[in-house]
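Peer 1: Input: one structure, supplied below.
Coordinate-derived values only; no laboratory data. Since we're looking at a predicted model, the values are computed, not measured. Counting neighbours? That spans all protein chains shown, and the Cβs are built from the backbone with ideal geometry, glycine included.
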Amino acid sequence: MVWIGSVLLSALVMLVTYLAPAAEIAVTSDSPPGFLLLWTRYSAHLAFVFLLLAFSASTLKAFANSAQTRGWVKYRRQLGLGFATAHTFHLVALILFLSNLEGYSVDTSVAVAGFGYVVTALLSVTSNDYSINRLGPAKWKQLHSVGISILMLYFFVAFSGRLLTDFAPIYAVYVALIATAVVAKLKVKRRIMTAATD
Ligand code: HEM
C-alpha cells in the first residue's frame, strides 16, 4: 500500500513538473529550469520525505508509544521501499536530464553520488524476512541503520549546499528536520544504553 502510494506520488511529481514550466521553456533547459531539471529536483524531494519517515519511525515510537506510532514502525520497511522507488524516479530523471545537458561530462562527484544508489540497492534487496534470517537480526539492523544514516547524510549535504547558495526557506526546513531527527534518534539510543547499564 505504502509502496503504491510512492509510485502514485512519483507519477504526480512527474506530471506537475511537466506542466509547471511555461510553454516556451524547453524540456531539457537548465536555465530557466525545464521539465527534466524540475523533475530531477522534486523527485529527490519526494524520496527524502519517504526516507525521513522511515528513519524517524522508531524514534517517534520511543517518544510517544501509541497505535499510530506502532503502525508507523510496522510499515517502516515499506516506507524504505517507498524511498527506493521514489529515488529510482530521481535516477531516471537525472539520466534524462544530464544526457541532454550540453557539455556535461561524468566526473568523480558522480561516483560519490552513485554510491548512494549502491547503498539504496543494498537496503532494498535486504528488506525482507529472508535477509533478516540469513544475516541475523543484529547484523541486519546494523546494516540498515548504517545505510539509512549514510543516505540521510547525502540529503543533508545536498540540502545544506542549496541552502547556502539559494537561501530558500524550504531548504532550511529540510536541514532542520534532518538535524532534529538525528538528535532525537541519538537521545533515544542514549536512553536505551543508560537503561541497560542501570
Ligand atoms: C543517494 C544518491 C543521491 C541523493 C541522496 C541525491 C539527492 C538529491 C537532492 C536532495 C536533490 C535536490 C536538490 C535541490 O532541491 O536543489 C538532487 C538533485 C539533483 N541530483 Fe541527486 N541525489 C543522488 C544521486 C544523484 C546522482 C548519482 C546524480 C548524477 C550526477 C544526481 C544528480 C542530480 C541533479 C542533476 C540534480 C538537480 C540539481 C539542481 O536542482 O540543480 N543525483 N539530488
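Peer 1: Can you sort I150, I170 so the residue with the fewest Cβ neighbours within 10 Å comes first?
Peer 2: Going from least to most buried by this count: I170, I150.
Peer 1: To continue, here is another question. With charges set only on the Cβ (+1 for Lys and Arg, -1 for Asp and Glu), what does the dipole of the range 60-149 come to about its Cα centre, in debye to the nearest 20?
Peer 2: 720 debye
Peer 1: For a footprinting-style exposure proxy, rank Y154, Y174 by other Cβ within 10 Å, fewest first.
Peer 2: Sorted ascending by nearby Cβ count, the order is Y154, Y174.
Peer 1: Mind checking which aspartates and glutamates have their C-alpha under 17 Å from K187, skipping anything on the same chain fewer than 8 residues away?
Peer 2: Excluding near neighbours in sequence, the set is D198.
Peer 1: If one computes the Cα centroid of the range 73-145 and of the range 3-70, what distance in Å separates the two points?
Peer 2: Their Cα centres are 15 Å away from one another.
Peer 1: Apply the membrane-span-like helix rule to the chain: whole DSSP H runs, Cα extent along the own long axis of at least 20 Å, mean Kyte-Doolittle hydropathy at least 1.0. List the helices found. Intermediate values should be presented prior to the final figure.
Peer 2: On the way: long enough: 2-19 (25 Å, 2.17); 35-63 (41 Å, 1.38); 76-99 (34 Å, 0.97); 108-125 (26 Å, 1.76); 137-166 (43 Å, 0.67); 169-197 (42 Å, 1.02).
Both cut-offs are met by 2-19, 35-63, 108-125, 169-197.
Peer 1: Something else: Spin-label point model (7 Å from Cα, Cβ direction): what's the V157 to V173 distance in nm?
Peer 2: 2.5 nm
Peer 1: Fully extended, how many nm does the chain gain between T197 and V118 (0.36 nm per residue separation, minus their Cα-Cα distance)?
Peer 2: Full extension of this stretch gives 24.8 nm more.
Peer 1: Could you work out how far apart the two model spin labels at L8 and R190 are, taking each label as a point 7 Å from the Cα in the direction of the beta carbon, and quote it in nm?
Peer 2: The two pseudo-label positions are separated by 4.1 nm.
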